[in-house]
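**Q** The following block contains the structure, expressed as structure tokens.
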Amino acid sequence: MEIHTQKVSKKSNLTTRKITMIATFTAISFVLAFIELPVPFSPSFAKFDLSDLPALIIAFAYGPMEALMIEFIKNLLQLTTTSTGGIGEFANFVMGGSFVFVAGSIYKMKKTKTTAWISLVMGSIVMSIMAAIMNYFVLLPLFETFMPLDQLIHSFSAFIPFINSKLDIVLYNAIPFNLVKGLMIGIVTMFVYKRLSRILKGKL
């Protein structure tokens, strides 16, 4: 009976810690979403943030569904200050969610350093594909409500001269940028995850 009680207590403590850590990392992700940085080789209205970083750390520590939960709650909270009627938040969830879900799913199958790097590369590739879809069908049409298409294309071609169409914006800006962004977040995760994993898993 005593052994069983100890097991239940240990499991309960782990569950409590897990819920606490997910809530904490969701809050960090939400705050990071407000720290916007300019997208290289892009007009001033193109911004990005590093709010997928906490979700990726949680994906490695607990799994893809927990990471997806962070992405969902973060974007749900952002609806309180949205200027896009929820369209931007939907696109952000699809892109960030695909990244952390794919990376977390691959890493969960075999938790090695090699698998971690593979998961980050694959997650970045999937995110760049989803970014292409979201930009072409959702985000760029959203920008077109504020700016004529020709002017929108010109604003990007000022930085990348061979951009002459909406598809060019996706191929030469959105895809490479999101690929680099995913890898950059992945590299930071690889540096900090080992230090945080013991705290996240309650092994201190």
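The values are calculated or read from the model by the stated rules, or taken from the named source; none is laboratory data. The shown structure was predicted, so the numbers you read here are calculated from the model rather than taken from an experiment. All Cβ positions, glycine included, derive from the backbone under ideal geometry; neighbour counts span all protein chains shown. The area values use the complete protein model at the heavy-atom level, side chains included, leaving out ligands, DNA and RNA. Shrake-Rupley method; radii C 1.70, N 1.55, O 1.52, S 1.80 Å.
**Q** Do we have S105 as open to solvent by 20 Å² or more (accessible area, probe 1.4 Å), closer than 21 Å to F30 by Cβ, out of contact with any Phe, Trp or Tyr (no Cβ under 9 Å at 6 or more places or on another chain) and not charged (D, E, K, R) here?
**A** Details: open to solvent by 20 Å² or more (accessible area, probe 1.4 Å): yes; closer than 21 Å to F30 by Cβ: no; out of contact with any Phe, Trp or Tyr (no Cβ under 9 Å at 6 or more places or on another chain): yes; not charged (D, E, K, R): yes.
Spelling it out, it is not the case that S105 is open to solvent by 20 Å² or more (accessible area, probe 1.4 Å), closer than 21 Å to F30 by Cβ, out of contact with any Phe, Trp or Tyr (no Cβ under 9 Å at 6 or more places or on another chain) and not charged (D, E, K, R).
**Q** Under 8 Å between Cβ atoms, at least 6 apart or on separate chains: pull out the pairs that start in region 68-88 with a residue that is without any contact (Cβ under 8 Å) to a residue 40 or more places away in the chain and end on any residue that is among the aromatic types (F, W, Y) and open to solvent by 70 Å² or more (accessible area, probe 1.4 Å).
**A** L68/F101; N75/F90
The rows are residues; the columns are (1) within 27 Å of L171 (Cα to Cα); (2) modelled with pLDDT of 95 or more; (3) touching a Lys or Arg at 6+ places or on another chain (Cβ under 8 Å).
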site	(1), (2), (3)
T16	no, no, no
I19	no, no, no
P40	yes, no, no
F48	yes, no, yes
A61	no, no, yes
K74	no, yes, no
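**Q** Out of all the residues in region 140-165, which are open to solvent by 40 Å² or more (accessible area, probe 1.4 Å), in a helix (DSSP H, G or I) and touching a Phe, Trp or Tyr at 6+ places or on another chain (Cβ under 8 Å)?
**A** Listed by number, the list holds a single entry, F143.
**Q** If you don't mind, there's one more thing I want to ask. If a residue must be part of a helix (DSSP H, G or I), among the aliphatic types (A, V, I, L, M) and open to solvent by 30 Å² or more (accessible area, probe 1.4 Å), how many such residues does region 166-204 contain? Steps first, please.
**A** At the first step, the residues of region 166-204 found to be part of a helix (DSSP H, G or I) are 166-200.
After this cut, where a residue has to be among the aliphatic types (A, V, I, L, M) as well, the list is 167, 169-171, 174-175, 179-180, 183-185, 187-188, 190, 192, 196, 199-200.
Add one more test, that the residue is open to solvent by 30 Å² or more (accessible area, probe 1.4 Å), and what stays is 167, 171, 175, 179-180, 183-184, 187-188, 190, 192, 196, 199.
Matching residues across region 166-204 total 13.
**Q** Sticking with this structure for a sec: So which residues in region 38-95 are more than 22 Å from N135 (Cα to Cα), open to solvent by 10 Å² or more (accessible area, probe 1.4 Å) and in a loop (DSSP other than H, G, I, E, B)?
**A** The answer is Y62, and nothing else.
**Q** Inside region 89-124, can you point out the residues that are in contact (Cβ under 8 Å) with a residue 60 or more places away in the chain, in contact with a Leu (Cβ under 8 Å, 6 or more places away or on another chain) and over 25 Å from L140 (Cα atoms)?
**A** A103, L120, V121
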